[in-house]
Structure formats: structure tokens, C-alpha cells
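The values are calculated or read from the model by the stated rules, or taken from the named source; none is laboratory data. Predicted model only: the values in this text are computed from it and were never measured. Because the Cβ atoms are built from the backbone with ideal geometry, glycine has one as well, and the counts that use them run over all protein chains shown.
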Amino acid sequence: MIDDTGANLGVMLTIDALNLAKEKQLDLIEISPEANPPVAKIQDFGKFLYQREKEEKKQRAKQKADIMKGIRLTFNIGEHDMEVRAKKAEEFLETCSKVFIELVLRGREKGKRDFAKQKIEEFLTMIKKPYKIIQPIKGTPRSLIIIIGK
């Protein structure tokens, strides 16, 4: 049992805890029902809900930081286009934690996977910001994929 100031009142009967909460004109809130004995707290229920909502918002904000952005390259991409996409990848690395780079292969391009890997490696050298490879170059039936991050 915990009172409204945060002091531990020890183990007490539910009826006694309810009476104590009524005296202070507050609510009795069960904090952890799985504990043995269950932990309860005397607090205003509206304030409890507000604090829990604030904590959930903080958790959601942390989850948004893991957004992955993608950049798609083609087999015959030009030098200038690669430079533009490299700058965009740098921007993504600043705002997000991960960047998904995909080189799409069509038709006979699928037979030249070695050349496609060289294209991706060339693209990675154009990125000036420091990064680490989260997932190395991986082949799928239609493309080559690599994931980099901060």
C-alpha cells in the first residue's frame, strides 16, 4: 500500500485501504495486480490516467524515431541521379535512423548481379555522412537491398 505522498504504508486489508482513501477524498488504484500481495496506491484517478497517458505518448514518440526511409536505384542510373539520391540519403540519415536502399533489376539485368552490387557500393561511397551497415547487400528475385543507419 502506497499513500498519496509516495510513502509505503505496508500490507493492509482492502477495507482499511478503501476507508483511508475515502478519508483523504481520493481513489484506491491497483498498480500491480500480479504482485503478491497486490500493490495499491491512494491517488486521484484522473491524475493517474493523465500520467499514464503522458507516458504512453513518450513511448509512441520513441517508436516514431525508428522510421525507415527508402531510396530506389535502377540498373542504368546516371552519375548525377546517384549524387542527388546520395544527398537525399544523407538527409534521411539525419532525420531517421534507417535508410533502405534498393536497386531494382528487370529482365536481363538479373543476370548481372555483380555489376549491380558494384553500383550499390559506388552509391554508398557517394554518401558523405557517417553511417553503419545494418543489413549487408541481400538479393531478392527482383532487386538487391541494403539497409544503412546512423
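How about the stretch 43-75: which of its residues are farther than 30 Å from Met126 by Cα and in contact with a strand residue (DSSP E or B) (Cβ under 6 Å, 6 or more places away or on another chain)?
Gln43, Phe45, Phe48
Under 6 Å by Cβ, and 6 or more places apart or on different chains, what pairs join a residue from the stretch 35-49 that is in contact (Cβ under 8 Å) with a residue 40 or more places away in the chain with one that is assigned to a loop (DSSP other than H, G, I, E, B) and not hydrophobic (A, V, I, L, M, F, W, C)?
From the stretch 35-49, the pairs are Ile42/Asp3; Ile42/Asp4.
Would you call Ala21 of a type in the set (Gly, Ala, Ser) and closer than 30 Å to Lys129 by Cβ?
Answer is no for this residue.
Could you please let me know if Gly139 is more than 19 Å from the chain's Cα centre (by Cα) and at pLDDT below 90?
Yes: the conditions hold for Gly139.
Which of the residues spanning the stretch 7-36 are surrounded by 11 or more Cβ atoms within 10 Å (Cβ to Cβ) and in a loop (DSSP other than H, G, I, E, B)?
If the condition is that a residue be surrounded by 11 or more Cβ atoms within 10 Å (Cβ to Cβ) and in a loop (DSSP other than H, G, I, E, B), then Leu9, Met12, Lys24, Leu26 are the ones that fit.
Can you name the condition, by its number, that Leu93 falls short on among (1) over 23 Å from Lys62 (Cα atoms); (2) assigned to a helix (DSSP H, G or I)?
Of (1) over 23 Å from Lys62 (Cα atoms); (2) assigned to a helix (DSSP H, G or I), only one is false for Leu93: (1).
Could you run through the stretch 110-134 and say how many residues are over 17 Å from Ala89 (Cβ atoms) and part of a helix (DSSP H, G or I)?
Summing the residues that are over 17 Å from Ala89 (Cβ atoms) and part of a helix (DSSP H, G or I) in the stretch 110-134 gives 8.
All but one of (1) surrounded by fewer than 11 Cβ atoms within 10 Å (Cβ to Cβ); (2) under 17 Å from Ile133 (Cα atoms) hold for Gly107; state the number of the condition that does not hold.
Among (1) surrounded by fewer than 11 Cβ atoms within 10 Å (Cβ to Cβ); (2) under 17 Å from Ile133 (Cα atoms), Gly107 violates only (2).
Could you list, in sequence order, all residues of the stretch 76-90 that are in contact with a strand residue (DSSP E or B) (Cβ under 9 Å, 6 or more places away or on another chain) and either outside any helix (DSSP H, G or I) or over 15 Å from Phe123 (Cβ atoms) (or both)?
Answer for the stretch 76-90, where residues must be in contact with a strand residue (DSSP E or B) (Cβ under 9 Å, 6 or more places away or on another chain) and either outside any helix (DSSP H, G or I) or over 15 Å from Phe123 (Cβ atoms) (or both): just Ile77.
Take Leu49 and tell me if it is among the aliphatic types (A, V, I, L, M) and exposed (fewer than 14 other Cβ atoms within 10 Å of the Cβ).
The answer is yes for Leu49.
Given the criteria surrounded by 14 or more Cβ atoms within 10 Å (Cβ to Cβ), free of Cβ contacts under 8 Å to residues at least 60 places away in the same chain and not in a strand (DSSP E or B), does Ala61 qualify?
In short, no.
When both residues are 6+ apart or on different chains and their Cβ atoms are under 6 Å apart, which pairs have a first residue that lies in the stretch 73-92 and is in the same structural domain as Asp114 (by TED's automatic domain parsing), and a second that is modelled with pLDDT under 90 and among the acidic types (Asp, Glu)?
Phe75/Glu109
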